[in-house]
Amino acid sequence: MEEKILETFVSSFVTELVKESKSIFSDLADEGSQLIKTGLKRYLTKQKDKYSHLKTLLRGNTPVYLYDIYYPLKLINRDDESVIKTNVVSEVFSKSNFITIIGDAGSGKSTLIKHLFLNSIYTKHSIPILVELRYLNEYDSNLDSYIIDKVLENKIAENPKILERLFQGGKFTFFLDGYDELNSEIKTQVIESLNSFINQFPENNFILTTRPYSDIEHLQLFHNYYVKSLSLEEGEIEGFVYKQLEAEKEVAGKIVESIETNDSEYIQSFLTNPLLLSLFILTFQSNAAVPGKKYIFYRRVIQALFSEHDSKTKLGFVREKHSNLKQEEFEELLKVFCFLSYFESNYSWDIDYIFEKFDQIKKKKNLAFANNKVVQDLKSAIALWVEDNGEYSFAHRSLQEYFSALFVKNLNPDDNARIYQKIIDRFAGHRRSLNEIENFLSLLEEMDSLNFKRYYYLPLLNELRSQIDSSSNENLYLSLLKFFARGVVIPTERAVDHRRSNRYFIDVIINDPIVYRAIFIHLPFTRELDNVLRHSVRKPDCKIKTANDTFKLPGDGKGNEKEFPFINFDKTIPDEFNNECYKPVLKIAKDLDKFIDREILKTESFIKNSIDTDKDLVDLI
């Protein structure tokens with residue numbers, strides 16, 4: 001019923017736009033009105049159909065109407081801790097036309113964007129355009145070309161003046177989903193393209209979504225909102241469960257009761273996340289207990305998707321698998337496929353990529369299967385994969401990370417040691433931020449504890465120990481600065497103007513790849529350091545004026561670089577900077593220094609005890 005209502009609103013919205021077209025198209029009124037009647041209506045109808053249905057872990061491969069399962073999420077403005085409701089899209093833009101929505105994996109960002117997209121039509125707020133940024137990884141031109149070529153498909157207007165006039169009229173909301181899924185080598189280009197587009201058409205609304213710590217938080221002009229975790233106390237977890245199980249209220253009640261009576265210390269980090277709460281709902285009938293470790297969630301959901309879910313919800317039914325592979329063979333295939341694709345930074349795949357990898361794996365693992373039948377099983381019988389316009393991916397990317405971690409865990413000891421070194425080098429060389437690797441590394445820490453501590457965690461701790469010099473307070477202060485950054489750009493009048501033109505301006509020039517190599521370990525400390533350094537040069541009464549160097553920042557993409565005053569940490573640091581930053585930076589350095597020593601002792605003890613325990617158990621035979 002609600003789907004029909006939304007369809008009616010498309011027609012109603014277009015009718016209103018036609019009425020306004022005379023003021024928008026003073027010299028192209030008839031052509032502009034015809035565009036809205038035909039091109040825009042066709043576009044809105046197609047996009048409404050595309051984004052009003054989705055596939056979820058709970059519903060397998062069956063598309064479900066968004067509002068049959070959507071539970072309203074809230075956003076937090078951390079500047080003043082205010083809560084922003086998202087029921088109506090206009091509330092999101094109450095303070096600014098430029099919004100960044102930041103949320104962890106599985107927090108519901110993409111589903112929220114689909115809701116806001118539809119709500120833009122439903123409330124006649126604006127013409128929504130949704131760009132899934134991951135597709136820019138394979139696109140050779142800029143953002144505005146992609147919007148016109150791929151999203152609008154060049155079908156709205158043959159006359160480019162008409163589309164440009166619409167953009168200038170501020171009638172659009174641009175939803176740019178998944179900045180964290182862009183390859184690192186094109187992120188700067190995408191930001192430059194976005195800034196250029198905003199400068200041309202600043203009257204429109206823009207929403208950019210990302211996982212945390214992707215560096216996009218510092219994009220000038222954009223206000224940062226964070227996805228609010230589901231709250232048990234405020235009834236949001238209960239509301240989410242009942243929304244997913246509207247036809248199974250008795251089961252929903254039992255799930256809510258099991259959550260409310262569970263005193264596991266992990267419950268807050270697990271069940272306040274929509275994805276992990278969905279996994280718990282999916283596996284509840286098999287095991288109602290909240291697991292103590294995250295990877296057990298994934299283990300259970302894999303088991304549920306392979307067999308138990310169908311057999312429990314449809315008595316005696318076992319879904320046919322066309323490939324005739326057994327569960328352990330599927331898992332062996334997925335472990336290798338996920339490991340290869342994850343380390344190639346491929347999170348969705350076309351059929352050619354899939355078949356190429358499957359053929360390689362069949363030769364190495366002595367498996368026999370028809371590629372197309374396995375793909376069909378992964379989509380339908382098991383529902384681990386979803387398809388979107390010929391692009392395949394997991395129902396959620398975290399499942400790819402789980403299988404990748406499982407591959408590492410099951411390697412023989414020699415290869416296990418080698419792969420951890422490759423992981424260290426790989427993450428450093430690709431400048432991945434923690435949000436891209438945290439789930440994978442935390443799964444390894446849980447699933448492969450001894451090897452993770454021995455070959456990954458301890459070597460990086462010792463490396464950090466060698467880089468942070470604690471022989472004196474002065475050395476501690478300087479060594480942390482030099483470890484973390486090459487230096488800090490001092491804002492000047494030119495620098496401020498540079499930022500106001502929406503350039504992607506960075507005050508702190510981070511010292512990568514050294515920093516990113518061990519970011520999983522030191523991030524809480526270096527994040528605090530980053531805030532101190534940025535705040536020290538940005539605050540209105542900043543007394544830091546003297547620089548010891550200059551730093552060249554990119555200009556407009558046409559070779560017009562700009563030089564700014566720069567405090568180079570490899571040179572004598574001006575007293576003004578030391579007077580401002582010494583105390584807060586030294587405090588962070590001391591905290592990190594104590595943390596490193598404490599973690600080295602704890603990790604060495606863990607490794608020794610684990611090896612001794614294994615030896616004692618073997619000696620019992």
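We did not get these values from a lab; they are worked out from the coordinates using the rules stated. It should be emphasised that the depicted structure is a prediction, and the values quoted were computed from it without experimental measurement. Neighbour counts run over all protein chains shown; Cβ positions are idealised from the backbone, glycine included.
What to note about this one:
- Close amide H partners of K228, meaning residues 5 or more places away or on another chain with modelled amide H under 5 Å apart, are K74, L75, I76.
- With R₀ set to 51 Å, the beta-carbon distance separating V64 from D591 gives a calculated FRET efficiency near 0.60.
- Cross-link table K254/K409; K363/K409; K422/K453; K55/K254, entries beyond 27 Å C-alpha to C-alpha: K254/K409
- With each label modelled as a point 7 angstrom along the Cα→C-beta vector, the D144-R426 pair spans 3.9 nm.
- GluC sites (Glu not before Pro) restricted to DSSP loop in segment 196-261 with at most 12 other C-beta within 10 Å: E203, E233, E234, E246
- Ordering of 596-605, 507-516 by burial proxy (mean other Cβ atoms within 10 Å per residue, highest first): 507-516, 596-605
- Taking label positions 7 Å along the Cα-Cβ direction at both N410 and I351, the computed distance is 2.8 nm, reported to one decimal.
- Ranked by the mean number of other Cβ atoms within 10 Å per residue, highest first, peptides 358-364, 67-73, 176-182 order as 176-182, 67-73, 358-364.
- The distance between label points at K124 and S94 comes to 2.3 nm (points 7 Å beyond Cα on the Cα→Cβ vector).
- Sparse packing (at most 15 other Cβ atoms within 10 Å of the Cβ) combined with a DSSP loop state is found for the following GluC sites (Glu not before Pro) in segment 79-143: E81.
- Cβ crowding within 10 Å ranks W385, W349 as W349, W385, fewest other Cβ atoms first.
- Net length gained if the chain between N324 and N137 were fully extended (0.36 nm per residue, minus Cα distance): 63.8 nm
- Estimated FRET transfer efficiency (I296, V83; beta-carbon r; R0 30 Å; 0.05): 0.40
- Among the trypsin sites (Lys or Arg not before Pro) in segment 69-117, those located in a DSSP loop and surrounded by at most 16 other Cβ atoms within 10 Å of their own Cβ are R78, K95.
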